[in-house]
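Below you'll find the structure, written out as structure tokens, and then a few comments.
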Amino acid sequence: MNAKMKLFSYNTADTPVHRLSGLTKLICFLLLTFAVMFSYDIRVIFAVMIFSVAILRLSQIRFSQIRAMIVYVLVFVVANAIISFFFSPEEGVKIYGSRHNIVNLYGGYKLTWEQIFYQITKFFKYFSVIPFGIIFLLTTNPSEFASSLNRIGVNYKAAFAVALTLRYFPDMQREYHDISQAQQARGLELSHKAKFADRFKNSLLILIPLIFLSLERVETISNAMDLRGFSKNDTRTWYTSRKFARADYVALAVSALITIGTVYVSVFVNHGRFYNPFV
Amino acid sequence: MDERVVIEFQDFSFQYFSQAEPTLNRINLKIYRGEKILIVGPSGSGKSTLGHCLNGLIPFAYKGDMRGSLKINGVETREQNIFKLSKMVGTVLQDTDAQFVGLTAGEDIAFALENDNVPTAEMRERVKKAAAMVDMQNLLGSSPFELSGGQKQRVSLAGVMIDDVDILLFDEPLANLDPATGKAAIEIIDELHKKSQKTIIIIEHRLEDALHRGIDRVILINDGRIIADKNPHDLVSSPLLTENGIREPLYVTALKYAGVKVASDMRPGHIATLQVDRAREALAAWYNAIPLERREYAKPSVLKMENVSFSYDGLRPVLNDINFDIREGEMVSIVGRNGAGKSTLSKLLCGFEKEDRGAIFYKGENIREKSIKERAEIIGLVMQNPNQMISKPMIRDEVALGLRLRNIPEEQITGRVEKALNICGLSPFKDWPISALSFGQKKRVTIASILALEPKILILDEPTAGQDFRHYTEIMEFLVEINKLDVTIILITHDMHLMLEYTPRAIVLSGGRMIADTTASMALTDSRVIEEANLKETSLFQLSRLSGIEGGARFVQGFIDYERRLKAR
């Protein structure tokens, strides 16, 4: 297996985070995401970010495992920042109600301290959520994830589809890899030497066999599931679901406190979602 | 009605809506409680359809016209549903990988219970018990990628046993397993039968392997009808097997070559029960009359590996110091258990991966610097499943694909495509869509598409997997024809018949090392090689021992030589 295979896959280890029930992790993830998304107070965001990085260390996730993910997100967040500056350069001024110009740019754009502060806040907002997402994905057994989805009210067929996708994803990756090699031997050029239009056309030569193979597989899987009674009843139980232990209650309580804390800061300290250092 | 009958077909016929002819035709069959039944038949005979009727996939998942009656435990299946039937008939499918729906062994075993809303705590207990029945209790946390084919099959078995079904149905249980694992699977089924007294139905076309342990009755099916319903001894002594495209056990073929009339009082159903007293002299006489062949390969080397080692992660060697020299026009098989390094070896040859140490020579020239594309013009790779390669709707375009990707002028392409299609016997179909072809024909299309590039060496990964005897013979004889055109052929295979009959030479890998490079007859009679590589001793060897002929390997080689001369005649 190369490192790519591990990209989104569940990482087995025995840490306090892994031992939490999937449902706990899902609820904590939702609560903490809400907290960070709700608040535009950079002090709160920094506090949560430090917390999230600490949990990341606790779950023994190595940087090499998440490097690719971080890079994708970074590209996205930076692009987002640039685009939002060009579309609404006065957003910071509007929010904080003051204007401290730094420099005049071309085309009437003005760079202000307010805008910079606002965008930095936003940047860290995104970046403090990501560790939670990573922790959740990498420490939750996919079937446990499915069972948690089911327990918070998602239909079990939909929830199981998620687990099934994760189950067969590595198989598909391997299949893709094999087909691609065999087609390259026939002369398929996938490297940058080929023109973009050709590369697109060429990738079809891999995708078509992959689709047919997957259809074959789907038939077997659905037969195997039918023969063992899937979708017989309106509900189902889950082998992987865990009973709540003390750690689960602690984790839920901590997440709830953080969420309440951020809301408290917004309502009673900042009197709004934004923290304004300019007054 | 008779209490002992668990399954009863009465004038039962079934026709898929998509088919013009009925697949099962007026079947009458009774199966009794606790019996162990083997259903054999060539591809398309209707044996899988019969299995589908038992587990309820017919008529509930595959629709069609059903006539007559099929009762299981006294009730008509059509009045049930697939879930009720699955409580009576537990099915283990042939694809050990795709049927594994859980992310761990434990979860997969629990699947049926989950769907029955069994509470988690009780479920965990029952999973442990079911896993213990198939000796998997210590691997409950393993993912499908960590388990071998045989282990995955045991998990599937535990997954159906957990429901305490009356009837166990095995659909081609040997299809995806190496010989030793297949043998173990038959043993597990047998022990389960003895312990639990469940009714067992095995659908298989590999008769000899399925008869490794006792069977009460063998049902032979062809063209949707029951041709025979006999005990193994009677069936094996009758001419019905060969007439209906089922390969008879090799030891029976050998007895027949020796002029022995195989009768049921010799108990020839299993090699373990065979009485050879009467045949001893005839066998010895036949064997001694076979002239010993000396084969020398005077031809020059075409492909040579010298001290080749390779590892994916730089830590664990997948191939370790491999040395061999294949000569022009040879036909060689590469064998070994899953994970022995067979496919990695072919990846190195095709240039998908580069050797860490050592070198690969084509006609004496080191090919390290040749790209994948360049190597493909020397070494062609045909993958196991034709659907892994086919990417064009029309046969002609599929075969031309490699040439077009190489920007060869269209006038030349036409000629080369015609030639490749001609060699592969596909000329009559050249303007057909690929979807209209059978599996074997698709296989030929993929071979043609590689041959169009005019490689000197052809590597085939399990060319006959899942094929019945007729298709197997067709594909292999076709490869022999290609081999005669001076194309060197390397076969990666689990199939010991294939090794014996078609490849004079076998390279055996185990744990990344080459443990033998010898004749197939030597490899399949050497107990050390057999054990290390998960092979199975050929029954010919057992026959020679039974009848007191010394030098089993020579006996096996004699059989092969005799058979080849018979075919050449």
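The values are calculated or read from the model by the stated rules, or taken from the named source; none is laboratory data. Note that the structure is a prediction, hence the values are computed from the model and not measured. For neighbour counting, all protein chains shown are included, and Cβ atoms are generated from backbone atoms with ideal geometry for every residue, glycine included.
Does A:Phe123 satisfy being crowded, with 22+ Cβ neighbours inside 10 Å, away from chain B (no Cβ under 14 Å) and under 25 Å from A:Ala35 (Cα atoms)? Please lay out each step first, then the result.
On the way: crowded, with 22+ Cβ neighbours inside 10 Å: no; away from chain B (no Cβ under 14 Å): yes; under 25 Å from A:Ala35 (Cα atoms): yes.
Criteria not met by A:Phe123.
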Output yes when any residue across the stretch A:188-197 is in a helix (DSSP H, G or I), in contact with a helix residue (DSSP H, G or I) (Cβ under 7 Å, 6 or more places away or on another chain) and under 30 Å from B:Ser346 (Cβ atoms), and no when none is. no
Could we say that B:Glu474 is in a helix (DSSP H, G or I), within 13 Å of chain A (Cβ to nearest Cβ) and charged (D, E, K, R) here? no
Would you point out the residue of the stretch B:45-81, among those that are away from every other protein chain (no Cβ under 14 Å), polar (S, T, N, Q) and assigned to a loop (DSSP other than H, G, I, E, B), that is surrounded by the fewest Cβ atoms within 10 Å (Cβ to Cβ)? B:Asn73
Screening B:Glu107, B:Glu125, B:Glu114 for residues that are more than 8 Å from chain A (Cβ to nearest Cβ), part of a helix (DSSP H, G or I) and of a type in the set (Asp, Glu) leaves only B:Glu125
Please determine, by comparing only the residues of the stretch A:152-175 that are among the polar types (S, T, N, Q) and not in a loop (DSSP other than H, G, I, E, B), which one is surrounded by the most Cβ atoms within 10 Å (Cβ to Cβ). A:Gln173
Filtering the stretch B:502-520 down to residues that are in contact with a Lys or Arg (Cβ under 8 Å, 6 or more places away or on another chain) and either crowded, with 24+ Cβ neighbours inside 10 Å or within 22 Å of B:Ala175 (Cβ to Cβ) (or both) yields B:Leu509, B:Ala520
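Out of curiosity, is A:Arg242 of a type in the set (D, E, K, R) and more than 10 Å from every other protein chain (Cβ to nearest Cβ)?
no
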Among A:Leu74, A:Leu105, the single one that is surrounded by fewer than 17 Cβ atoms within 10 Å (Cβ to Cβ) and either out of contact with any strand residue (DSSP E or B) (no Cβ under 7 Å at 6 or more places or on another chain) or under 21 Å from A:Met49 (Cβ atoms) (or both) is A:Leu74
Yes/no for A:Ser266 being in contact (Cβ under 8 Å) with a residue 12 or more places away in the chain and within 14 Å of chain B (Cβ to nearest Cβ): no
Do any residues in the stretch A:65-82 that are free of Cβ contacts under 8 Å to residues at least 24 places away in the same chain have Cβ atoms under 8 Å from those of residues that are of a type in the set (S, T, N, Q) and loosely packed, with under 11 Cβ neighbours inside 10 Å, where the two are at least six apart or on different chains, and which pairs are they? none
When you look at B:Glu418, is it modelled with pLDDT of 90 or more, within 11 Å of chain A (Cβ to nearest Cβ) and part of a helix (DSSP H, G or I), yes or no? no
Please name all residue pairs, on different chains or six or more residues apart, with Cβ atoms under 7 Å, provided the first residue is in the stretch B:547-562 and is within 14 Å of B:Ala523 (Cα to Cα) and the second residue is of a type in the set (Val, Ile, Thr) and buried (at least 17 other Cβ atoms within 10 Å of the Cβ). B:Gly552/B:Thr525; B:Ala553/B:Thr525; B:Phe555/B:Ile549; B:Val556/B:Thr525; B:Val556/B:Thr538; B:Gln557/B:Thr519
Options B:Ile39, B:Ile31; residue that is touching a helix residue (DSSP H, G or I) at 6+ places or on another chain (Cβ under 6 Å), of a type in the set (Val, Ile, Thr) and touching a residue at least 40 places away in the same chain (Cβ under 8 Å): B:Ile39
Subset of the stretch B:491-526 [of a type in the set (A, V, I, L, M), touching a Pro at 6+ places or on another chain (Cβ under 8 Å) and within 8 Å of B:Ser333 (Cα to Cα)]: B:Leu491
Taking the stretch B:82-103 as the search range and keeping residues that are of a type in the set (S, T, N, Q) and within 8 Å of chain A (Cβ to nearest Cβ), which one is farthest from A:Ile221 (Cα to Cα)? B:Ser86
Test of understanding: among A:Asp178, A:Asp248, which residue is among the acidic types (Asp, Glu), surrounded by 19 or more Cβ atoms within 10 Å (Cβ to Cβ) and within 7 Å of another protein chain (Cβ to nearest Cβ)? A:Asp178
Sole exception among (1) small (Gly, Ala, Ser); (2) over 24 Å from A:Leu213 (Cβ atoms); (3) more than 13 Å from chain A (Cβ to nearest Cβ) for B:Gly440, by number: (2)
